[in-house]
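Asks: Submitted below is the structure of interest, expressed as structure tokens.
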Amino acid sequence: MSTNAPIRVALIGNPNTGRTTLFNQITGEKQATGNYARVTVSKSSQTVTHQGREIELIDLPGVYMLNSKTDEEKVTRDLLRNECPDIVINVINAGNLERNLMLTTQLIEMGLPRIFALNMKDEADSQGVRIHCDTLSSLLGGPVIEMVARDGMGIEALMDEIVRHSEKPSGTCPTVKIGYDSHLEEAIQRTSQHLTDLHPDSMSPEQSRWTAIKLLEGDTEILGDENDHTQLVENVQNERTTLQQQHNENSESLVLSGRYGFINGLLEEAREVETDTLMNRVNLTRAIDGVLLNRVLGLPLFLAFMWVMFETTFTLGTYPMDWIDAAVGALSDSLNGVLPESLFKDLLINGIIAGMGGTIIFLPNIVILFFFIALFSETGYMARGAILVDRMMHSFGLHGKAFIPMITGFGCNVPAIMATRTIENPKDRLVAILVNPFMSCSARLPVFVLFAGAFFAENAGSILFGVYMASISIALLTALVLSKTLIKGANTAPFLMELPPYRMPTWGSIYIHMGRSGAEFLKKVTGVILVGSIIIWFLQTFPQEIELSQDYESQISTLQESSENPAAHQEITQLKRAQEIEIQQGRYLGQVGDVIQPLFSPLGFDLNASIALLTGFVAKEVVVATFGVLYSHGDEANEESRGLRDSLASSMTPVTAIAFMIFTLLYVPCLATIAVLYKETQSLGWTTFSIGLSLTLAYTLALLVTTFGGGLL
Amino acid sequence: MTLDHLQAGNRGKITHLLGEEIMQIRLSSIGLIPGATITMDHTALLGDPRTYTVQGTQVSLRNSEAEMIEIAAA
Ligand SMILES: Nc1nc2c(ncn2[C@@H]2O[C@H](COP(=O)(O)OP(=O)(O)O)[C@@H](O)[C@H]2O)c(=O)[nH]1
């Protein structure tokens, strides 16, 4: 290795061992970590400098095995085999050696130069586990560094060791042999000899032993590599059959037993456990579970925690929301005073500031919500929550872990879709993402409040409840259908997971969660929302010159001059309103509305309703504001406005109103949600599918209501 | 007997992993390995999924997954 080239270091370990924490500590990067089996989906790499040497760190997905059975294993194994990192750092949870060392045995057999990062020493201590690092180091054939990655302890020592290790001549990595049952051992020797004969120069003894074991395990990928050597493949098949007959157990189990034996032997020598402390710790977790997972109390407690989470998110969120609102208003007012009248001023105030301000206002909600999500995930409660609701979710084709994102969707679909990241299986995750837009987010609430009040003042509450019930039912049914049709593999992923012990959360890790989700949200506001607001402003402002059917201005001024009586006053208002409507219809937005209106007429929506839905594409809150503008009650319209309600009530029938609510509930997710959908699925196809699905469902259900609803009301 | 029949608070020793290979590997990867001792801890409302302790770690399994694990009294 030349001394200038960066030292290439691969980080590998089971999920939940602190790889991401370690990676972040070394690189100073802020990726989210979680006390929750979670996948670093793809590998990421970063270069840092230590003692003047460049070190390239490659973070690999968390794996338990190196069998290339799952995508994560494949990524990891391919990298280890094809890109030969200079050093592999095996991150091990010191508190759970039995399980962690299973991966280690496979690394050892691959014969890669290795350093062991014995992480979570604090947890091992509190469990009464003492590990003799020197013994462990000689048995595993690599230096062992004790660490507490979360607190940065041991990082320097690890970095020093990496540099020291890289200075050793290559090929000095000690060989450690894992012994197997004698029959299996003989079969390994025969196969490995056969391999050495077939690949005389290209395989080291370690490589041929590893390949032989993999062949005997029936590893399809390695078998595929050797496909041309028919004799070898045949011999391997025979060995496998013989072993099965001799032991009444397949060769994979025999290999597993061998590794397990190695681990047990090693632990005998290198580890001391104060059984009392360990049992206390396990018993503590069990005792807490006795309450939180209690058959009777568990679910109500979980729902209570969820309620507190949402209640706090929205009530506590209103204070900073008011501040933001006031700040945006003040900014807008002061600019209004300072800037001379111009198109640019209009764009700035009514386009950019109004649009971004209207969205940024949700930042507090998002940060608070993610505070709770981080709290639940860091303490270990999130995994328990998944257990409590899994049965119910499972019958609808959803994974237990999809619960939190669905509920979060009632707040805002954007963080909700982001929260599906905790679901490991990509197909389960896809279903959870695709149904999320049907969960009625808080931005849709003003529309429902306005319509329920205008048309069903007596039963507004029941109507609202009904809308939410429809929202949940449609989401669940969609999940059911999707998992049975398009996304077949979904819902077959096993649920089995390791439950983290209850841990005290640290502020640092919670802060990272909150900070990251907040930052991502702000990035979206400055990106897609900014562009969207400018487009809508443009469509609402141009063309500037509109030919009106009559000269409203002069009529109004004549009326104003002529008399003061109430009748004239009313006439003026009507004229103004007619003028405003005509102007709006002349703008591009109105023209587009004209084009799409025929599409909506079967649903009974008039031009104004069509335009409102069109603008709602940017953000659903905009629907109410658009009605406000169109009915000339000014921008100040809100769902409580009396005048707006009356104008609405006279513009459509109650049945149409229901159809409109259903349509609003279901049709295209807002711009921001579409952006996140795309970001999280990484697929234009699924994003388009989601938009298509929601439009189709919205249209069909609204049409059904319009057609048959009349008879019911 | 398979693991899904283990009563709360009782222990067993894993003897065999049944089912597809991929499932066996997943099970063994979280420490459910022949020879290991396992205790059943808690059951969710409708009897499924359940939590177990195996080698000082807690795991959670659906009953359909626990069916894949043969145990003997320990
Ligand atoms: N007690 C303790 N917890 C740690 C340590 N290192 C990481 N953690 C926590 O363990 C959890 C899992 O860490 P993460 O880096 O996401 O693990 P990964 O899945 O291997 O990437 C997080 O909650 C971390 O805060 C440590 O040294 N001691």
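Asks: With the crude spin-label approximation of a point 7 Å out along Cα→Cβ, what separation in nm comes out for residue A:203 versus residue A:268?
Replies: About 3.2 nm, to one decimal.
Asks: Zone of residue B:20 (label point 7 Å along Cα→Cβ, backbone N under 16 Å): which residues in the stretch A:410-445?
Replies: Correct set: A:425-428.
Asks: Compute the length gained on full extension between residue A:319 and residue A:160: take 0.36 nm times their separation in residues and subtract their Cα-Cα distance, giving the result in nm to one decimal.
Replies: On the way: separation 159, 0.36 × 159 = 57.24 nm, distance 4.92 nm.
Residue separation times 0.36 nm, minus the Cα-Cα distance, leaves 52.3 nm.
Asks: Full extension from residue A:51 to residue A:571: what is 0.36 nm times the residue separation minus their Cα-Cα distance, to one decimal in nm? Mind showing how you got there, number by number?
Replies: Details: separation 520, 0.36 × 520 = 187.20 nm, distance 8.32 nm.
Difference between extended and current length: 178.9 nm.
Asks: Continuing with this model, one more query. Work from the charge dipole of the protein assembly as shown (Cβ charges, +1 for Lys and Arg, -1 for Asp and Glu, about the Cα centre) and give the residue of B:31, A:205, A:436 farthest towards its positive end.
Replies: Checking the options against the dipole of the protein assembly as shown, the answer is B:31.
Asks: Take the Cβ-Cβ distance between residue A:82 and residue A:122 as r, set R0 to 30 Å, and report the resulting FRET efficiency rounded to the nearest 0.05. Intermediate values should be presented prior to the final figure.
Replies: Values: r = 36 Å, r/R0 = 1.21.
After rounding, the FRET efficiency stands at 0.25.
Asks: For residue A:235 paired with residue A:465, estimate the spin-label separation in nm (one decimal), with each label point 7 Å from Cα along the Cα-to-Cβ line.
Replies: Label at residue A:235, label at residue A:465, 7.6 nm between them.
Asks: Roughly what angle does helix A:275-292 make with the longest principal axis of chain A, taking Cα atoms, 0 to 90 degrees, to the nearest 10?
Replies: With both axes taken from Cα atoms, the answer is about 20 degrees.
Asks: Suppose R0 equals 51 Å. What FRET efficiency, 1/(1 + (r/R0)^6) with r the Cβ-Cβ distance, do residue A:678 and residue A:561 give to the nearest 0.05?
Replies: Working: r = 57 Å, r/R0 = 1.12.
It comes out at approximately 0.35.
Asks: Which of rounded, prolate, oblate describes chain A, given a ≥ b ≥ c as roots of the alpha-carbon gyration tensor eigenvalues and a/c under 1.5 marking rounded, otherwise prolate only if a/b is larger than b/c?
Replies: prolate
Asks: Sorted from fewest to most neighbouring beta carbons within 10 Å, what does the list A:161, A:83, A:56, A:545 look like?
Replies: Working: A:161 20, A:83 10, A:56 16, A:545 6.
By the 10 Å Cβ count, ascending, the order reads A:545, A:83, A:56, A:161.
Asks: Gain in length, residue A:5 to residue A:695, computed as 0.36 nm per residue apart minus the alpha-carbon separation, to one decimal in nm?
Replies: 243.0 nm
Asks: Determine, from the Cβ-Cβ distance of residue A:220 and residue A:297 and an R0 of 51 Å, the FRET efficiency 1/(1 + (r/R0)^6), rounded to the nearest 0.05. Can you show the working numbers first?
Replies: Numbers: r = 47 Å, r/R0 = 0.92.
Rounded to the nearest 0.05, the efficiency is 0.65.
Asks: Same structure, new question: How would the stretch A:63-171 be classified by its alpha-carbon gyration tensor: rounded, prolate or oblate, with rounded meaning a/c under 1.5 and the a/b versus b/c comparison settling the rest?
Replies: Working: a/c = 1.78, a/b = 1.24, b/c = 1.43.
It comes out oblate by the Cα gyration axes.
Asks: Which aspartates and glutamates, if any, have their Cα less than 15 Å from the Cα of residue A:177, not counting same-chain residues under 8 positions apart?
Replies: Reachable aspartates and glutamates: A:109, A:185, A:186, A:206.
Asks: Take the alpha-carbon centre of the stretch A:686-708, take the same for the stretch A:82-148, and report the distance between them in whole Å.
Replies: Centre-to-centre distance over Cα atoms comes out at 54 Å.
Asks: Something else now. Given Cβ point charges of +1 (Lys, Arg) and -1 (Asp, Glu) and nothing else, what value in debye, to the nearest 20, does the dipole of chain A about its Cα centre take?
Replies: Details: 48 positive and 75 negative charges, 199 e Å.
Roughly 960 debye, rounded to the nearest 20.
Asks: In nanometres, what is the gap between the two model label sites at residue A:481 and residue A:135, each 7 Å from Cα along Cα-to-Cβ?
Replies: It works out to 6.3 nm between the two label points.
Asks: Counting other C-beta atoms within 10 Å, which of A:587, A:77 has the fewest, and how do the rest follow? Walk me through the numbers on the way to the answer.
Replies: On the way: A:587 19, A:77 23.
Least crowded to most crowded, the residues run A:587, A:77.
Asks: Here's another thing I want to ask about it. Considering the dipole of chain A built from charges on the beta carbon (Lys and Arg +1, Asp and Glu -1) around the Cα centre, which of A:319, A:603, A:399 is farthest to its positive end?
Replies: A:399
Asks: Shifting gears a bit: Against the longest principal axis of chain A, how steep is helix A:530-541, in degrees 0 to 90 to the nearest 10, with axes from Cα atoms?
Replies: 20
Asks: I've got another one for you. Averaging sequence separations of C-alpha pairs under 8 Å and six or more residues apart, then dividing by the length of chain B, give the relative contact order as a whole percent. Kindly include the intermediate steps, with their values, before the conclusion.
Replies: Numbers: 138 pairs, mean separation 32.3, N = 74.
Worked out over chain B, it gives 44 percent.
Asks: What list do you get for A:441, A:84 if you sort them by fewest beta carbons within 10 Å?
Replies: By the 10 Å Cβ count, ascending, the order reads A:84, A:441.
Asks: Using the alpha-carbon atoms, what tilt in degrees (0 to 90, nearest 10) does helix A:155-167 show relative to the longest principal axis of chain A?
Replies: The angle comes out near 50 degrees.
Asks: Can you give me the long-range amide H partners of residue A:91? Hydrogens built in the peptide plane at 1.01 Å from N, cutoff under 5 Å, separation of 5 or more residues or another chain.
Replies: Here the answer is A:12, A:13, A:117, since their amide H atoms fall under 5 Å of that of residue A:91.
Asks: Among all the lysines, which ones have a C-alpha under 29 Å from residue A:523's C-alpha, if same-chain residues fewer than 8 places away are not counted?
Replies: The reachable lysines, counting only those whose Cα sits under 29 Å from residue A:523, are A:30, A:43, A:345, A:401, A:427, A:620, A:679.
Asks: Next up: Please give every one of the aspartates and glutamates within straight-line cross-link reach of residue B:13, meaning a C-alpha to C-alpha distance under 12 Å, and leave out same-chain neighbours fewer than 8 residues apart.
Replies: B:70
Only the coordinates and a few stated rules stand behind these numbers; no lab work does. Values in this document were obtained by computation on a predicted structure and should not be read as measured data. Positions of Cβ are backbone-derived with ideal geometry, glycine not excepted, and every protein chain shown enters the neighbour counts.
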